[in-house]
Every structure is written in C-alpha cells, then in structure tokens.
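The values are calculated or read from the model by the stated rules, or taken from the named source; none is laboratory data. Only a predicted model underlies this, so the values are computations on that prediction, with no experimental measurement involved. In this analysis, Cβ positions are derived from the backbone assuming ideal geometry, glycine residues included, and neighbour counts consider all displayed protein chains. Side chains included, ligands, DNA and RNA excluded: accessible areas come from the protein's heavy atoms. Shrake-Rupley method; radii C 1.70, N 1.55, O 1.52, S 1.80 Å.
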Amino acid sequence: MTAEQQIPKIKLVRIAHVYYTHADLDKAHEFLADFGFTVADDRGDTVYFKGYGTEPFVYCATKGAENEFGGAGFVVESLEDLELASKTLPKATPVHDSDAPGGGKRVTFRDPVDDFPFHLVYGQTPVEKSAHLPELEYNFPENKHRPVNKTQRFKKAPAAVHKLGHVGCCVTNFAKAFEFYTTRFNLKPSDIIHEPNGKDVSTFLHLDRGMEQVDHHTWFFFEGPKYHVHHSSFEVHDFDIQSLGHQWLRDKGYDLVWGVGRHVLGSQIFDYWYDRSGFILEHYVDGDLVDETTPISRSEAGPDSLHIWGPPLPPTFLQ
C-alpha cells in the first residue's frame, strides 16, 4: 500500500455549485434566467444564481476576458476534511473564509494531471426553499389517481432549477484521474465504460455514503485529447416542468444540443442546451438512486448505451 492510499479519504456530502467565466456576462445572465435560475447576489462583475432548493447558490457567473469553466464545488463532511484537503491535495490553498453566498470555509486544489480547479466547502448557511412544487397525480389506463374535476393546468415559464446534480469533464488520462478521485475521496463508480479492447475510458461516480440513498452520479469523466468541461446538469421538478422549459428555451431562440430523451445509464430524462458562451447545460428529471449495495456496472462504449428514446445522438456530443 502506498503512502497516498494510507491517507484517509476526504468525505464529500454533495455537489453544490459550479463556476463559469463569461466574456459577455449580460448575455450569460439572460440565458441563465431563461434556463430557470434566480439571482442570489449580483455584485456587478460576479453574479451568483440559485435554484429553489436550500443551496445558497448553485452557479457563479463572472465577467472575464475569455469564456472559461472554473470548476465545481463539493460540500465536505467536516472542517477536518477541509484541513486534510489543504495539507494533502495538489496545489491546495489554505483553509479560508468564503465570501460567496452562504459563507463557510473553502479550499481549492488543482487536478494532478490536467490542472483544473476543484473546490471544497464546509459550513455554508442554507437558505429557505423558495418554491414548493406539487407532485402531480397521474391517470393511467387501469389506475386513475386524479379525482373527477381535478385538472392539470400549466403556465409557460422557464423550468425552475432545483439543484446542481452533476458535472462532466473530458480528462487526458482516465486511469490516473480514476485512481486519484476514488482513492482520495469517497467517490465510487456506478458505471465504468470500456472500449472493445477492454480499456476503461469513462465512468459515472456517485458519493459513497453507505446506506444513504444518493444520485446515480455526481460527477463523470471520460478520456480525450484535451481537458474541457462537457456539461453541468441541473435537476428540475418533473417532466412537465422540464418540457415547459424546453419550449421556453426553444421559443427564445437558444441552440438545442440534444433532447428531450431518456438516458440508459442513470435513467435520467435529459435536455441539453448551449448557453450564449458555448457551454452545455442540462435539465434532467427522474434519475436513479444508489447506495452501498448497488453493484458496479461495466459496459462497452457505444451510442446505444446513451439513450433508449429521443432524437439521434449528435455526432459532436462525445467530443
């Protein structure tokens, strides 16, 4: 066993937020409002956006010279986890106060291979939920759950975001990334995807929280020639809300990437869109849950493994 493997794992609790820099912050702000975020704090050149859940913010947009992804932030279980991260992770900052909404303490480190930023936070103050959307009753052919004279009526609007669900990236060395993140953190694969020759090239990682039910994946990465963010994905309430959001974005003239469809791995109903800076954001609903009893699945890479229904896979989607 190596010295690195003897270091305790840093315990992550949930994914919390993402950071993006936009050359045109005004256009970015307009898209993010149409995507379903609300403003948590507008500081001029930095705007924090939130969903309707208890996270103080889920997306930070900053004005800069170039469009750039600034990494994802994960909540850790304890201050001791932050201190361990600061002392043992590559290029890690000292533990310091966060001036973002919710406050708390923060550490930022750099990925050991591709040098991208990765943020850890602890002690944020949660906010009150800003919406309580009803769980609808559906009428099936043989089981009618909605009473007589109770209708389903909706209004055109953006799909209100609930929370950040996961982030995906392209990394240049899958094996090194997989070893690092599954060794240093309580990240565990739900699925591992391999090439026909057996080489592992992609994984969907969930948070290993024992018997606590967690999302099928909170982070995924795949191997490619150059590091970049693939997309950030945000949960919305249900399929009706997601479809209303799809209609809203389409009517506003935004560029659709892929959707609406149903994934195979994770089962989510997906809807991917380009923002005005060329980044991909996803609305999703109805994802799988896992816990420590969930077996690790292995499958071969291929377009048929990505969706069971929906539009054809765009040829550039996996780039």
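Here are some notes:
- Were the residues from Ala131 through Lys63 laid out at 0.36 nm apart, the gain over their Cα-Cα distance would be 21.6 nm.
- Per-peptide packing, taken as the mean over residues of other Cβ atoms within 10 Å, places 284-290, 192-198, 55-61 in the sequence 55-61, 284-290, 192-198 from highest down.
- Computed from the Kirkwood radius of its Cα pairs, the Stokes-Einstein diffusion coefficient for segment 265-318 at 4 °C and 1.567 mPa s stands at 96 µm²/s.
- In units of the rule-of-thumb radius 2.2 N^0.38 Å, the chain shows an alpha carbon radius of gyration of 1.00.
- Farthest positive-ward along segment 119-213 dipole, Cα basis, beta-carbon charges - from Asn173, Tyr122, Asn186: Tyr122
- Per-q log10 I(q)/I(0), segment 147-251, q = 0.11 Å⁻¹ (Debye; single scatterer per alpha-carbon; no solvent): -0.50
- When only the Cβ of Lys, Arg, Asp and Glu is charged (+1, +1, -1, -1), the dipole of the chain relative to its Cα centre reaches about 340 debye.
- Local electrostatic count at Lys252 - Lys and Arg +1, Asp and Glu -1, tallied over other residues with Cβ under 13 Å: -1
- For a label point 7 Å along the Cα-to-beta-carbon line of Phe239, residues of segment 300-319 with backbone N under 15 Å: 308-311
- Counted charge near Gly123, where neighbours are those whose Cβ lies closer than 15 Å (Asp, Glu -1; Lys, Arg +1): -3
- Distance from the C-alpha centroid of segment 130-203 to that of segment 71-118: 25 Å, rounded to the whole angstrom.
- Solvent exposure of segment 183-319 amounts to 44 Å² per residue of accessible area, where only protein heavy atoms count and the probe is 1.4 Å.
- Relative contact order of the chain, pairs being alpha-carbon contacts under 8 Å that are 6 or more residues apart, as %: 17
- In terms of its alpha-carbon gyration tensor, segment 201-286 comes out oblate; a/c meets the 1.5 threshold, while b/c is at least as large as a/b.
- The magnitude of the dipole of segment 16-139, with charges of +1 and -1 set on the Cβ of Lys/Arg and Asp/Glu and taken from the Cα centre, is near 300 debye.
- Rounded if a/c under 1.5, otherwise prolate or oblate - segment 106-180, Cα gyration tensor axes: prolate
- Mean residue ellipticity, 222 nm, helices only, the chain: the sum of -39500 (n - 2.57) across DSSP H runs of n ≥ 4, divided by residue count and rounded to 500, is -4500 deg cm²/dmol.
- Loop-resident sites, segment 49-113, for trypsin sites (Lys or Arg not before Pro), counting at most 14 other Cβ within 10 Å (DSSP): Lys91
- Apportionment of accessible area to carbon and sulfur, the chain, percent (1.4 Å): 52
- Accessible solvent surface per residue of segment 1-130, calculated while the other protein chains remain in place, 1.4 angstrom probe, Å²: 46
- Residue-level accessible surface for Leu89, protein heavy atoms, 1.4 Å, Å²: 10
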